[in-house]
Amino acid sequence: MNYLTLLKGVNLPRFDEDYKKLVLDRRHIWENINQISESEVKDTIIEFLKRWKIRNVKRIVPTQLKEVLKELSKHFHELRNSSLIDLDFNEKIDVDGQKKRVSEIIKEIYTQLTERVNGVGPTSASKIMHCIIPQLFMMWDEKIRNGYGYAGNAIGYLKFLRESQQILKSIIASYGRSPEDLCREASPTMNKTLTKLLDEYNHMKFTQKKDLPSPTEDC
């Protein structure tokens, strides 16, 4: 996919206000999950999922999600400065004294969220991960998963990230300028990331079923 195609499909104004309020304006919460409180889990994370019409949100126990996020905070910390377009999935980094590949860390985060927190499934896990590190993690839902042909498990999510990386590289190669420049052009008034822009395109293509080219076209 080239950048002109991307720009045609990034238009989700009805979600922008909630995204700004609950994700962009609350970076101090998302970036400090090692200190997150139960009220912050309720008022920011669970509220974000509600605004995005996620099923099973009422089943999420705030204390349970809080504890799992605190346990995973070291994993997120090691990936904090990573962006999807530049990510080396095979790089080994230190987490609690153990050398782990980036791909294994991602799968572990996803698995812990979906298997240990009631009410958090594939869609919710991806959204929580994106909100914590917006420049790295992609969001998805069932229709997007089906559109790409991936299972909703950790391996499927990792494959989705790998393919998304190739799509983003193709977009930036066609653009000829920096990712930051493209983000500003696509969204002048909001600090959106490339992963957020591609998610909007995926939403329009697969969830809203708009007549748009496949994201994998020409990649």
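Only the coordinates and a few stated rules stand behind these numbers; no lab work does. Note that the coordinates shown come from a computational prediction; the quantities given were computed from them, not determined experimentally. Glycine gets a Cβ as well: all are built from the backbone with ideal geometry, and neighbour counts include every protein chain shown.
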Checklist entry - In percent, what relative contact order does the stretch 108-177 have, based on Cα pairs under 8 Å that are 6 or more apart in sequence? => result 22 percent
Item to check | Dipole of the chain, positive direction: furthest Cα of Y3, G176, T207, with charges on the beta-carbon | outcome: T207
Next on the checklist: Please compute the Kirkwood hydrodynamic radius over the stretch 115-187, one decimal place, Å, based on all pairs of different Cα atoms.
Outcome noted: 13.5 Å
Item to check | Part-to-part distance (alpha-carbon centres) for the stretch 16-32 and the stretch 163-219, which is given in Å | outcome: 21 Å
Checklist entry - Given I46, H77, N34, which one lies farthest toward the positive end of the charge dipole of the stretch 29-92, if we put +1 on the Cβ of every Lys and Arg and -1 on the Cβ of every Asp and Glu? => result I46
Checklist entry - How big is the chain on each of its three principal axes, counting only the C-alpha atoms and giving the largest first in Å? => result 44, 38, 31
Item to check | Stokes-Einstein D in µm²/s, Kirkwood radius over Cα pairs - the stretch 69-168 at 37 °C with 0.692 mPa s viscosity | outcome: 242 µm²/s
Next on the checklist: With equal scatterers on the alpha carbons only and no solvent term, can you work out the Debye log10 of I(q)/I(0) for the stretch 1-98 at 0.23 1/Å?
Outcome noted: -1.19
Next on the checklist: About the Cα centre, and with charges only on the beta carbon of Lys, Arg (+1) and Asp, Glu (-1), how big is the dipole of the chain? Nearest 20 debye, please.
Outcome noted: 540 debye
